[in-house]
Amino acid sequence: MKYTAFGLAAAAAATLAAGAATAQQSIVIGHSLSPDSHYGLGAQAFIDTLEELSGGEWTGEQAPAGQLGGERDMIEGLQIGSLDVVITSTGPLGNFVPEVFVLDLPFLFRDYDHARSVLDGEIGQELLAKIDENGLVGLAWSENGFRHVTNSQHPVETPEDLAGLKLRTMENRVHMEAFEDLGAAPTPMAFPELFPALQQGVVDGQENPVTVIVAAKFWEVQDYATLTGHVYSPVAILASPVLFDGLSEEEQGWFHEAAKASAAATRAEVNRLEEEGVQIMRDNGMEVVTEIDKDAFAAIAEPAYAIYTDEYGSEMVDRIREAE
């Protein structure tokens, strides 16, 4: 084919335009909390790191506060490719990858150092691989923190104080079983539905880490908080296989590094709120119980372990408990 000078210039311009069109690609990161929450800070760290590593070739934006639905909806969006990246609690994830239910067993982790060491180590990598086997891409483990109980009825100081309380839980069999054993009435619902449900008295209370209690300003609809620390709540940073499988090896590396940066930023905010959050809650009118007999709660919640161990055995539980 013979080109005129004009044709060559036009062809060059078209090539440059096509290059510009593919030079910057954008992703959407969905999550359930506000942009200034620990999720939001983690999502922004992901975007910033991805931009930096790719030299501006990749950028992104957040879809915060459940704009794209509850966490289960967003995970389903990843599977079909309508969403790119999701930051989600493990509660609904267990419905897609049952092995991760082990992380939601009550009173399993001793403290933050123990939990982070497990998730950053061999066990965490094995569980990310299980996610990859179930139609999703597990990029990294981040966190919400240890979960605590809030309610609008009365202070909770003993397991007996939970009797009859209608508590919103995540859509997670382990959590629901544990609260049934403790005498509460667990009511699963998606997080975007929670605040109005508390406001209207559909449920009496809920359970979430300090980070979420502060981010959601639950003191507007809850009077009492108890630092039960009944479950450590990890967060999974997930990508759509539809997106990820189409990336080059170098690009996949960028996404993994961006997820690590996201987890680091989120954990730093969790650390800050663990130190300051109780006072923030009290300053906003909540009565906060900080000392309880955790062994009493743990003994009653122990039967919930059977949901996991009856199917998968106790090996993983034992490995987590024995981990340094």
query: Residues with beta-carbon under 14 Å from that of N284, excluding N284: net charge, scoring Lys, Arg +1 and Asp, Glu -1?
result: -3
- request: Take the Cα radius of gyration of segment 77-144 and divide it by 2.2 N^0.38 Å, with N its residue count; two decimals is plenty.
  value: 1.12
query: If we count every other residue with Cβ under 10 angstrom of R168's Cβ, Lys/Arg +1 and Asp/Glu -1, where does the sum land?
result: -2
query: What residue among D120, D84, D48 shows peak mean-square fluctuation when the chain is described by a Gaussian network model with Cα springs under 10 Å?
result: D120
- request: Express the Stokes-Einstein translational diffusion coefficient of segment 232-302 in µm² s⁻¹, to the nearest whole number, given a Kirkwood radius over alpha-carbon pairs, 25 °C and a viscosity of 0.890 mPa s.
  value: 152 µm²/s
message: Assuming 0.36 nm per residue, please report the length gained on full extension of the stretch D48 to D36 beyond their Cα-Cα distance.
response: 2.8 nm
query: How long is segment 43-190 along each principal axis, judged by its Cα atoms, biggest number first, in Å?
result: 57, 34, 26
Those residues of segment 23-50 whose amide nitrogen sits under 20 Å from the label point placed on E250, 7 Å along Cα→Cβ: 23-27, 47-50
- request: May I ask you to sort H31, H256, H230, H154 by Cβ crowding, counting other Cβ atoms within 10 Å and putting the fewest first?
  value: H154, H256, H230, H31
- line: Counting only DSSP beta bridges fully inside segment 26-322, the antiparallel percentage to nearest 5 is 60 percent
- prompt: In nm, what is the difference between 0.36 nm times the number of residues separating K217 and E315 and their Cα-Cα distance?
  reply: 31.4 nm
query: What FRET efficiency, computed as 1/(1 + (r/R0)^6) with R0 = 30 Å and r the Cβ-Cβ distance, is obtained for E160 and E322, rounded to the nearest 0.05?
result: 0.40
statement: Rounded to one decimal in nm, the spacing of the 7 Å Cα→Cβ label points at D132 and A296 is 4.6 nm
- request: Could you please state, rounded to a whole Å, how far the C-alpha centre of segment 163-197 is from the C-alpha centre of segment 64-82?
  value: 21 Å
query: For the chain, what is the Kirkwood estimate of the hydrodynamic radius, computed as the reciprocal of the mean inverse distance between distinct Cα atoms, to one decimal in Å?
result: 20.8 Å
message: Cut-off 10 angstrom, C-alpha nodes, Gaussian network model of the chain. Which of V86, V118, V210 fluctuates the most?
response: V118
Sum of -39500 (n - 2.57) over DSSP H runs of 4+, divided by residues of the chain (222 nm, nearest 500): -14500 deg cm²/dmol
message: Suppose a student asked you for the relative contact order of the chain, using Cα pairs under 8 Å spaced at least 6 residues apart; what percent would you report?
response: 26 percent
- request: Count charges around A129 for me, please; just the other residues with Cβ under 12 Å from its Cβ, Lys/Arg as +1, Asp/Glu as -1.
  value: -4
Principal semi-axes in Å for segment 187-306 [√(5λ), Cα gyration tensor, largest first]: 33, 18, 17
message: Which residue fluctuates most in the GNM of the chain (Cα springs below 10 Å): E251, E269, E291?
response: E291
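The numbers here are math on the coordinates, done by the rules we state, and not lab data. From a predicted model like this one, the values you see are computed outputs, not experimental measurements. Here Cβ is always computed from backbone atoms with ideal geometry, including for glycine, and neighbour counts include all displayed protein chains.
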